[in-house]
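To start, the structure itself, in structure tokens.
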Amino acid sequence: MSGVVSIYVAWKVFRWQGKKEHEQWIRDQKKAEWRELLDVVSSSQTDLVRAGIPLEQIQENAMEESLRAKEALLAVDRTFDDRLFINPAIIKPFKAQWFSLVDEIKRATDLDDHTAAASRWYLAFGEYIEAMRATARKDLGISDEDIAKLK
């Protein structure tokens, strides 16, 4: 009888450990997805601001910058859509806000207007990234105390 109990306890421990490892694997995948999303969004900001300058104001590299901005937009869009482990309900508002920010920079009609819009955009972008980081931390179960311990 004690052999059966031992096998049962071992089986329960094995299942518990397997579940725990699976949960950690899911958390690691989420963490990687958040890191990739933050990296792609952050790296695209300069290309998007430069490409938003009205074309008649740029003599050199206008087509190259425009192409780079389009590639950055596509990369951000794909990255938002490719998230498998992050809840889509969390991502959807960030994607909508991202494209609102992009539209704002595109609305500039001349260089002076663009310079003012770019300045506002960089500030708004900084707030956007910080909100995304805070959401990622919350989604991953990382507290402010955890962050403070790392410093």
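Screening Trp34 with (1) modelled with pLDDT of 75 or more; (2) more than 20 Å from Lys138 (Cα to Cα); (3) not basic (Lys, Arg) gives one miss only, at (2). Close contacts from the stretch 129-145, counting a first residue that is over 22 Å from Ile26 (Cα atoms) and a second that is among the aliphatic types (A, V, I, L, M) and assigned to a helix (DSSP H, G or I), with Cβ to Cβ under 8 Å and a gap of 6+ residues or different chains, come to Ile129/Leu38; Ile129/Val41. Can you tell me which of Leu101, Leu140 is under 15 Å from the mean Cα position of the chain (by Cα), within 23 Å of Glu23 (Cβ to Cβ) and surrounded by 11 or more Cβ atoms within 10 Å (Cβ to Cβ)? Result of the check over Leu101, Leu140: Leu140. Considering the stretch 13-47, and only residues there that are within 16 Å of the chain's Cα centre (by Cα) and of a type in the set (A, V, I, L, M, F, W, C), the residue that is surrounded by the fewest Cβ atoms within 10 Å (Cβ to Cβ) turns out to be Ala32.
The values are calculated or read from the model by the stated rules, or taken from the named source; none is laboratory data. Only a predicted model underlies this, so the values are computations on that prediction, with no experimental measurement involved. Note that we place each Cβ from the backbone using ideal geometry, even for glycine, and neighbour counts take in every protein chain shown.
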